[in-house]
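Worksheet: one structure, shown below.
The values are calculated or read from the model by the stated rules, or taken from the named source; none is laboratory data. Everything numeric in this text was worked out from a predicted model, so none of it was measured. Counting neighbours? That spans all protein chains shown, and the Cβs are built from the backbone with ideal geometry, glycine included. Just the protein is used for accessible areas: all its heavy atoms, side chains included, with ligands, DNA and RNA removed. Shrake-Rupley method; radii C 1.70, N 1.55, O 1.52, S 1.80 Å.
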Amino acid sequence: MASRSRSRSQSNTYLRSDSGGTDGSASGSSSPILEVLVVFAVVFVAQGITTVAGLMGTFFVLAPPLTTNPWTIVTSVYAHSGLGHLVSNTLALLVFGWPVARATTRLRFHAFFAITGAIAGVSQIVITGVLAALPFVPVAPTPGVLGASGAVFALLGYLVASNRLSTGLASFVTVPQWLSILVFVGLAIAVTFATASPGVALIAHFTGFLVGVGAGRARVLQVGSSARSDAARR
């Protein structure tokens, strides 16, 4: 799976801040987290205003069919169903997002957050819609989804797949790829059901975690010369 010298090099560089990103953005900064929190707050206020006007769903709730209000694929990632939902996602973002933000560039972090959150939300709508259409499957289609949980789970998955411990284990244990996939899928299922409660978008959580794991294995957020040399050796 990986040689000892290569894994040791990766474990020494991951989650360290580089002097700068290849995309021209400064890396090693926690500012993307603060910027996301500002967006959370602004969107939360906007939700209150649009709720009075009866337009909150139009602007912020991702609902089928996806082509009706396509902008909600992104805006729903930053919207929340209430103050408790906002606070819980904020705390999770601080815990899981802070180390990732300090190891990558602002641009990459924001792109990762928005894209993984959008993928998670769309998967919740599409997959529940497909399952609900099947006979003898007790699943109701999701009428609408909003929240940053999918993106937060992607950050958690990224940390799980690319932290120093998992990289260090690869230096002396050769694991077949199929077994790695099975382990990560099992972990995604366990983490997803650990957060299960009424009204929670479990498929979005599951998808976000798996997408984060894949991104972590590929180290898509890693910047600097170490990332380029690692890619050349693959």
Using only protein heavy atoms and a 1.4 Å probe, report how much of Trp71 is accessible, in Å² to the nearest 10.
120
Karplus 3J(HN,Hα) series, Hz, for segment 132-144 with 6.51 cos²θ - 1.76 cosθ + 1.60 (x for Gly, Pro):
5, 7, 7, x, 6, 10, x, 10, 9, x, 6, x, x
From phi via Karplus (6.51, -1.76, 1.60), per-residue ³J(HN,Hα) for segment 71-79 in Hz, x at Gly/Pro:
5, 5, 4, 9, 5, 5, 5, 9, 9
Residue by residue through segment 88-101, the couplings from Karplus 6.51 cos²θ - 1.76 cosθ + 1.60 with θ = phi - 60°, in Hz, x for Gly and Pro, are 5, 5, 5, 5, 5, 5, 5, 6, 8, x, 4, x, 5, 4
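Taking the mean number of other Cβ atoms within 10 Å as a proxy for protection, how do you rank 137-148, 115-126 from highest to lowest?
Values: 137-148: 17.7, 115-126: 23.1.
Highest mean packing first, the order is 115-126, 137-148.
P(r) tail for segment 83-130, what percent of Cα pairs lie past 14 Å?
On the way: 727 of 1128 pairs.
Roughly 64 percent, once rounded to a whole number.
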Charge context of Ser31, other residues only, Cβ under 14 angstrom, K/R +1, D/E -1:
+2
